[in-house]
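Working notes, structure below.
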Amino acid sequence: MTAQSIVDTVAICEQLGHALDEAERRSEASAEARLQAAQATLPPTDGRGVVLVTGGTGLLGRRVVEELRYAGHPVRTVARRMPPPSARVPGVQYVTGDLARGLEPQVFQGVDAVVHCAAETAGGKSDQQRNSIAATKMLIEGAAAAGVRKVLHVSSLAVLKPGNGRMVDEKTAVDAGNLERGPYVWGKAESELLAERLGRDLGLQVKVVRPGPLVDYAAYQPPGRLGREVGPWYVAIGGRRTPLSVLDVGTGARVIRSYVDDFDAAPDMVNLVESPAPTRAELAERLVAGRSDLKVVWFPATLLKMLSGPAKLLQRWVMGASKPLDVYAAFSSEQYQPDVARAVITRAGQSTVPARARVA
């Protein structure tokens with residue numbers, strides 16, 4: 001390889017980079033124009049205070065800010081970095097900030113309620129400590145200092161102690177301080193307990209929504225507990241008629257909007273799952289409806305349970321795992337008492353967002 005060939009290769013790469021940058025610039029310019037056009041068609045805000053949403057660029061958070069804005073609420077959302085026009089929801093004010101360091105006082109200006117969707121979804125204990133626990137503390141203390149009195153904390157059903165065959169409800173204890181279930185569950189559990197404690201200490205109304213495993217029926221990907229894709233097959237675990245608790249992000253957004261609409265009337269706590277829960281067959285059918293290349297193969301849960309013990313031994317002897325994965329537990333699902341979830345979903349009613357305007 002000659003020196004000139006290296007120079008020529010670098011030159012071609014630079015040309016490609018410039019071309020990609022220019023294409024992205026044009027794409028974002030078009031997105032900005034569409035954003036402005038969409039904002040002109042939005043219903044006016046209704047004069048109520050601003051709703052401050054954290055995590056408003058995430059899977060659930062983005063649908064929440066969309067639902068709130070179309071319902072007439074002025075919405076402000078905090079992101080670590082300013083999202084490009086293609087990732088923004090029309091009519092929503094975006095500001096940047098680091099929750100773990102505390103937000104500037106002006107971020108809370110005019111805010112009537114806070115919806116805390118943000119959380120660390122990866123990393124170890126230190127990441128959870130900073131971006132979930134410390135972030136929750138700084139946010140609620142900042143809200144209290146600014147005179148905000150309503151906080152909706154979005155937690156997770158994963159924080160609850162396993163039911164071990166018993167029905168799980170809103171009175172089931174939080175599995176606090178248990179790192180054996182992973183840093184994420186530990187961080188969410190500690191954040192929820194901290195939010196409730198700060199609410200009592202600082203005189204805020206803090207209510208908690210615990211979403212189940214999130215799916216997006218509009219852009220469907222199956223939940224992990226349903227099974228795994230293996231080549232041209234999707235191996236679904238369990239019985240076809242067995243219910244599997246999930247939460248569509250559209251349902252979650254509607255419920256959160258209903259909380260903001262009438263905070264006082266909403267329950268203090270809800271384990272939020274679809275009610276009734278879809279069956280595993282229904283979830284698998286949603287997948288193959290958009291994936292004609294896949295064929296679903298059903299693997300009995302009883303057989304997986306029988307193989308789980310030998311699989312643990314294999315992980316210990318061959319892989320040296322000190323805490324082997326329980327394969328059966330990875331695909332099993334708790335049974336949730338649905339009464340509170342059913343009531344809040346019914347109360348939320350239909351989406352305020354026109355079908356043509358919903359985010360992908």
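The values are calculated or read from the model by the stated rules, or taken from the named source; none is laboratory data. Worth saying up front: this structure is predicted, and the values here are computed from it rather than measured. Methodologically, a virtual Cβ is constructed for each residue, glycine included, from the backbone with ideal geometry; neighbour enumeration extends over all protein chains shown. Heavy atoms of the whole protein, side chains included, go into the accessibility calculation; ligands, DNA and RNA do not. Shrake-Rupley method; radii C 1.70, N 1.55, O 1.52, S 1.80 Å.
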Next item on the list: Tell me which of these T302 doesn't satisfy, since it passes every other one: (1) among the hydroxyl-bearing types (S, T, Y); (2) open to solvent by 90 Å² or more (accessible area, probe 1.4 Å); (3) under 27 Å from H153 (Cα atoms).
Entry: (3)
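Residue-by-condition table, conditions (1) open to solvent by 20 Å² or more (accessible area, probe 1.4 Å); (2) polar (S, T, N, Q); (3) under 17 Å from T54 (Cα atoms):
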{"residue": "G123", "(1), (2), (3)": "yes, no, no"}
{"residue": "M138", "(1), (2), (3)": "yes, no, yes"}
{"residue": "A146", "(1), (2), (3)": "yes, no, yes"}
{"residue": "V154", "(1), (2), (3)": "no, no, yes"}
{"residue": "V168", "(1), (2), (3)": "no, no, no"}
{"residue": "K171", "(1), (2), (3)": "yes, no, no"}
{"residue": "L179", "(1), (2), (3)": "yes, no, no"}
{"residue": "Y184", "(1), (2), (3)": "yes, no, no"}
{"residue": "E192", "(1), (2), (3)": "no, no, yes"}
Notebook entry, point to check: In this structure, does A31 turn out to be of a type in the set (G, A, S), open to solvent by less than 40 Å² (accessible area, probe 1.4 Å) and over 30 Å from V148 (Cα atoms)?
Noted result: yes
Next item on the list: Output the strands (runs of 3 or more DSSP E) that fall wholly within segment 196-237 and possess 1 or more residues being over 21 Å from K295 (Cα atoms) and in contact (Cβ under 8 Å) with a residue 40 or more places away in the chain, or say none.
Entry: 205-211
Checklist line | Only listed residue being in contact with a helix residue (DSSP H, G or I) (Cβ under 6 Å, 6 or more places away or on another chain) and surrounded by 14 or more Cβ atoms within 10 Å (Cβ to Cβ), chosen from S275, S332 | finding: S275
